[in-house]
Each structure stands twice: as structure tokens, then as C-alpha cells.
Amino acid sequence: MQHIIDRFISYVTIDTESDPNSTTTPSTKKQWDLANQLVEELKSIGLQDVTIDDKAYIMATLPSNVDYEVPTIGFISHFDTSPDFSGANVKPQVIPNYDGGDIVLNTAQNIVLSPKYFKDLLQYKGQTLITTDGTTLLGADDKAGITEIVTAMEYLIQHPEIKHGKIRVGFTPDEEIGRGAHHFDVAKFGADWAYTMDGSQVGELEYENFNAAGAKITFKGKSVHPGYAKGKMINSMLIANEFINALPKGETPEETRGYEGFFHVHHLSGSIEESVVELIIRDHNKSKFEKRKALIEKITKKINKKFAKQFGEDIAIAEINDQYYNMKEKVLPVKHIVDIAEKAMKEVGIKPLIKPIRGGTDGSQLSYMGLPCPNIFAGGHNFHGKYEYVPVESIQKAIEVIVKIAELTASKN
């Protein structure tokens, strides 16, 4: 277990935060630090055909050790961390034999990880947890996945008695900003199917995810002296507020679950002359997804009509861009790849939790690029914030699942 802890900590202590405002790939130079380390590590454990391209996409091969034809499978994770919270100077804390009580992450700032609020913690009483120090995220999303894939490959190399076909490994940058699969060379990867190790709690197995779009609405205004503003001033911030209030009530992330979609306003900036609202649109149902995008356009047009005479041109400009789609459409025709993962979990003593992803992974885009790619748990909780943690036992179980999937795929039965 210490080997797993050491490997995971060696990854999370390298800052790999991605940047949505960057136009490069990877979006931040610091992602190269871990990428280059991973290349050397993959070589050192004995993988073959280890490559890294000019955009930091890493691929490697574990050759088949059977003399009959077996499908080539892949395992994929991303090494960037979310820009939602700082990933610099991560100081992981290891909590052995968790007692089920409050965990003080940071005494000076009185930051406490408590099962009274995060009830999932109680599932892991008696286990070893790795937490933050309360000032950064942890990076288990998705450095736990990388730890699991590297360790599983290392285990298979050290245990040739476990029969498996050709296995491909892939690590990507910029998943957290929706670009992780943009430059992934599916043909070069050469797998019949793959699994992303990017889920949350132990047992998660997912092949449905949101249809996703991002929207940016820019509101114009006119600034004049407030003492003489009647009929002349147009405050763009108030128009932005009018737009937000026109969105459906109760359809926000904090008020939805399961298959329920939402609008999520995540950035708001403004002045009298110009304000910008940024939001994401999510829905599992394609028809409802399209209606959500149409509603943004409808609200914008209504505002433009209201101010047409006073402003003289469109006062609200909406830009809507699709980000990814529900992988279910691409995975259902090859549902056996989900069945194999489900069987693998059961055989290593895990109860599969098959449910829709309330988000997206590289796998959703990869599935539409010709690489069907369900998602498997990586073990972490409370991603993208200071309360993030991962049980080491969950990482160990994910490693066992990878090994078992490789074994089952090569089984003649």
C-alpha cells in the first residue's frame, strides 16, 4: 500500500492546473513537468512503444502474452487538474485507520472535513485516507486514475502468469477544460475499446454522460452621469441580472440530480458599459439539451427586442458552443465492454454502481471519435476543491479491476 501512496503523492505534488483561457495544448507549460515524468516512469516499469507528442499526449503498450487473438483494450486518464481551485503547492495528508470523525485539514484556518456534511466519509471508516491541507485541491481527479493504470501495468508485467491481450495506455492534458480528447490520435492508439479511470467513489461504472454546451452572453450598456441618467443610462449589469432571473428556477446544479439537467452560471463580470455572463448547459436527453440552448437564444432575443429602440442594435450577444455529447449512443451497440467491467468488479468483490455521469470525461468525446470508452471509478471524492480526498483502498480496488478486465478480455470463455 505504501508503494501506491508514494506514487500518488509524487503525482499530486506537481502542479498541473489547466487554463481555459489559453490557446495552446497543453494549456499550461507546467503540465509538461508531470507528462515528462510519466514517460520515464512508463519506460522504467517495462512498457513498450512509449511515446509523447508535441501536445503532451502520452501512449504506451503492454504487449499480449497469449498466442491467440484477443481484442486490444486501453486505459486512459488525464494529468491536468481543474482551474476551479488552486493546484499549486499541494500538501497531501495521509490519515491511517480513519476513525469516522472530523478531520482537521488546516488548524490555522479552521478547515474541517466532516462526515456530518460529507456523509460518504463514513463508508471509509478504518481505511487510509489521503486529504488536502485545506488550501488546495488534491488532484485525485485524475491522478488517482494515473496511479491505478501505472500500478496495474506494473503488476501485470511482474505477474506474467496472468494472461492478457495487448493493452494500450493513454494519458492526456486539458481534460478539465473540455479539451482532453481534442488531439487524441484514436488511430494511433489502436484499441478496440478503452476505459477512462476517471469516476468517483468505489464501484462507479458509467456509460452515460451529459450532453454539454458552454454559453457566453455579452451585454452592452450606456454610461452617463447618474444625476442626469433618466432615459439615457443603460446599466448592462442590470440587464445581465434580468437574463439570469429569466432562467428556469430550480434548474441549477445545487437543485438537480440523476438525469435532471441544469443551467449553471459560473462567471459574472461587469460594469455599466459591458457585462459578461458565462454558463454551462447540461442534459442527458438530447431533445431537452437542444431546448435548453434554444431557451438561451429566446431570452437573448427578448432582451434585444426590449432595448431595440433605445440602444439601436443588439444589446445582448449570445455565443453557444457544444462541448461533448452523451456517450450512451456509441456504447450501447458494444454493451459487452460495460458487461466485462461489471463482471470484473464483481469478481474482485465490488458492488457495481451503474449510473449516469453528471459531467463528462475524455471518454465521451473519444466514443464519438470511434473509441467506445466507458468510465470506471478512480476512488476520489469532492473533486475540484479543498475537501477532496481519496481512500487508498479504493485506489487498490481500481487497480484490481484493471487487472481483472485485462484477464477477462483474454479469457477464451
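The values are calculated or read from the model by the stated rules, or taken from the named source; none is laboratory data. These figures come from a predicted structure and were not determined experimentally. We place every Cβ from the backbone using ideal geometry, glycine too, and count neighbours over all the protein chains shown. All accessible areas refer to the heavy atoms of the entire protein, side chains included, with ligands and DNA or RNA removed. Shrake-Rupley method; radii C 1.70, N 1.55, O 1.52, S 1.80 Å.
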Cβ-derived FRET efficiency at R0 51 Å, Val66 paired with Ile317, nearest 0.05: 0.30
Above-threshold pairs, the threshold being 30 Å between Cα atoms, out of Lys143/Lys288; Lys328/Lys351; Lys163/Lys346; Lys55/Lys335: Lys143/Lys288; Lys55/Lys335
Please state the relative contact order of the chain as a whole percent: Cα pairs under 8 Å, 6+ residues apart? 24
Cross-link reach list, lysines versus Lys301, counting only Cα pairs under 17 Å and skipping chain neighbours closer than eight places: Lys216, Lys220, Lys291, Lys293, Lys309
P(r) weight above 26 Å for region 55-168, C-alpha pairs, percent: 41
Per residue, how large is the accessible surface of region 272-413? Use a 1.4 angstrom probe and give square angstrom. 46
Under a point-charge model restricted to the Cβ atoms of Lys and Arg (+1) and Asp and Glu (-1), what is the dipole moment magnitude of region 103-163 relative to its Cα centre, in debye to the nearest 20? 300
Helix-only mean residue ellipticity at 222 nm for the chain, each DSSP H run of n ≥ 4 adding -39500 (n - 2.57), per residue, nearest 500: -9500 deg cm²/dmol
Can you give the charge dipole size of the chain about its Cα centre, rounded to the nearest 20 debye, using +1 on the beta carbon of Lys and Arg and -1 on the beta carbon of Asp and Glu? 1740
With each pseudo-label sitting 7 Å past Cα toward Cβ, what's the Lys306-Lys355 distance in nm, one decimal? 3.8
Under 8 Å for C-alpha pairs, at least 6 residues apart: give me the relative contact order for region 265-346, rounded to a whole percent. 16
Filtered hits (lysines, Cα-Cα < 23 Å from Lys116, offset >= 8 within chain) -> Lys125, Lys386
Toward the positive end of the charge dipole of region 87-148, about the Cα centre and with charges on Cβ (Lys, Arg +1; Asp, Glu -1), which of Ala144, Pro115, Thr131 goes farthest? Pro115
Can you tell me the 0 to 90 degree angle between the C-alpha axis of helix 2-12 and the longest principal axis of the chain, rounded to 10? 30
Could you work out which residue, out of Gly312, Gly379, Gly221, moves most in a Gaussian network model of the chain, that is, has the largest mean-square fluctuation with Cα springs under 10 Å? Gly312
Of Gly101, Gly87, Gly139, which has the largest mean-square fluctuation in a 10 Å C-alpha GNM of the chain? Gly101
Label-point separation in nm, Lys222 to Lys188, each point 7 Å along Cα→Cβ: 5.5
Solvent-accessible area per residue, Å², over region 1-151 with all protein chains present [probe radius 1.4 Å]: 43
Find the centroid of the Cα atoms in region 262-323 and in region 1-65, then give the distance between the two in whole Å. 38
When the chain is modelled as a GNM with alpha-carbon springs shorter than 10 Å, which of Lys216, Lys163, Lys298 fluctuates the most? Lys298
At 1.4 Å probe size, with the rest of the protein present, what percent of the exposed accessible area of region 159-211 is carbon and sulfur atoms? 47
How long is the gain from Lys291 to Thr13 if the chain were fully straight, where each residue apart is worth 0.36 nm and the alpha carbon distance is subtracted? 95.8 nm
With Rg and the Kirkwood Rh both taken from Cα atoms, where does Rg over Rh land for region 291-413? 1.21
Sequence of Trp32, Trp193 when ordered by accessible area, the most exposed leading, probe 1.4 angstrom: Trp32, Trp193
How much of the accessible area of region 93-133, probe 1.4 Å, is carbon plus sulfur, in whole percent? 50
With x for Gly and Pro, the residue-by-residue ³J(HN,Hα) of region 41-50, computed from phi through the Karplus equation 6.51 cos²θ - 1.76 cosθ + 1.60 at θ = phi - 60° and given in whole Hz, is 5, 4, 5, 5, 7, x, 6, 10, 6, 6
